[in-house]
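What follows is a single structure, written as structure tokens, with notes after it.
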Amino acid sequence: MGCCKIEAPEEFILGKPIDSKTNVFTMGSIAFGLLGGEMNHSFSKWEVDRKLYEVAMKATEKDRDKRYPTILEFYEAWKAALK
């Protein structure tokens, strides 16, 4: 399940890497802000289809290893979900 903050969890832990996965989290959080739910990531608040919701949820996973590794991969998944 995704986190409900705009900042990635690792941003609050000294010594944790801040990298492309952190940026992916931020982009996913922005998607929730623009398309529904803002800090409430439940599907009932989401205003577009489930495919995009699932992309945004993966981007905002608390566990960094479950996120898209790069913004490009997030973007490619987003574009694929639009088809």
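None of the figures in this text is laboratory data; all of them are computed from the coordinates on show. If you're wondering where the values come from, they're calculated on a predicted model, not measured in any experiment. Note that each Cβ is placed from the backbone with ideal geometry, even for glycine, and that neighbours are counted across all protein chains shown.
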Listed residues F43, F12, F25, most fluctuating in the chain (Gaussian network, C-alpha, under 10 Å)
F12
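Does region 1-59 come out rounded, prolate or oblate by the C-alpha gyration tensor, with a ≥ b ≥ c the root eigenvalues, rounded set by a/c under 1.5 and, if not, prolate when a/b is larger than b/c and oblate if not?
Values: a/c = 2.70, a/b = 2.13, b/c = 1.27.
It is prolate, given that a/c is not under 1.5 and a/b is the larger ratio.
Size of the dipole of the chain about the Cα centre, Lys and Arg at +1 and Asp and Glu at -1 on the beta carbon, nothing else charged, in debye to 20?
Values: 13 positive and 13 negative charges, 37 e Å.
Dipole of the chain, to the nearest 20 debye: 180 debye.
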Lysine pairs in the chain with alpha-carbon atoms under 18 Å apart, 8 or more places apart or on different chains: how many are there?
17
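Would you mind calculating the gained length between M39 and A80 on full extension (0.36 nm times residue separation, minus the Cα-Cα distance), in nm to one decimal? Provide the component values of the computation, followed by the final result.
Working: separation 41, 0.36 × 41 = 14.76 nm, distance 2.46 nm.
Net length gain for the segment: 12.3 nm.
For the chain, which span is the longest to avoid every loop-located (per DSSP) member of GluC sites (Glu not before Pro) having at most 14 other Cβ atoms inside 10 Å? Don't skip to the end; give the middle numbers.
On the way: sites that count: E7, E38, E47.
So the longest stretch without any such site is 48-83.
Is any helix in the chain, taking whole DSSP H runs, at least 20 angstrom long along its axis by alpha carbon and on average at least -0.5 on the Kyte-Doolittle scale, and which ones?
On the way: long enough: 20-35 (22 Å, 0.90).
Span-like helices in the chain: 20-35.
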